[in-house]
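Where a number appears in this text, it was derived from the coordinates with a stated rule and is not lab data. Just so it is clear, the structure is predicted and the values come from calculations on it, not from any experiment. Positions of Cβ are generated from backbone atoms using ideal geometry, with glycine treated the same way; all protein chains shown enter the neighbour counts.
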Amino acid sequence: MAMLLKRFLKDENGATAIEYGLIVTVLSLAIVAGVGQAAGAIQWLFSDTNSKLVEAFAQH
């Protein structure tokens, strides 16, 4: 029983998978936050009546 417990404590196979999972989670959250802010900036750019883009599209 003690040998089985020692072998279990030394096994690091699952730890690597968990670390990769955490890295993917953090990167995913950063990407989602960045896309959300970019979408807000683009929406503001096209909705602002003083925007040069709005003026350019309105003339054609």
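In this Cβ point-charge picture (+1 for Lys and Arg, -1 for Asp and Glu), the chain has a dipole of about 320 debye about its Cα centre. Note on S47 and N13: their simple-model spin labels are 5.2 nm apart, each label 7 Å out from Cα toward Cβ.
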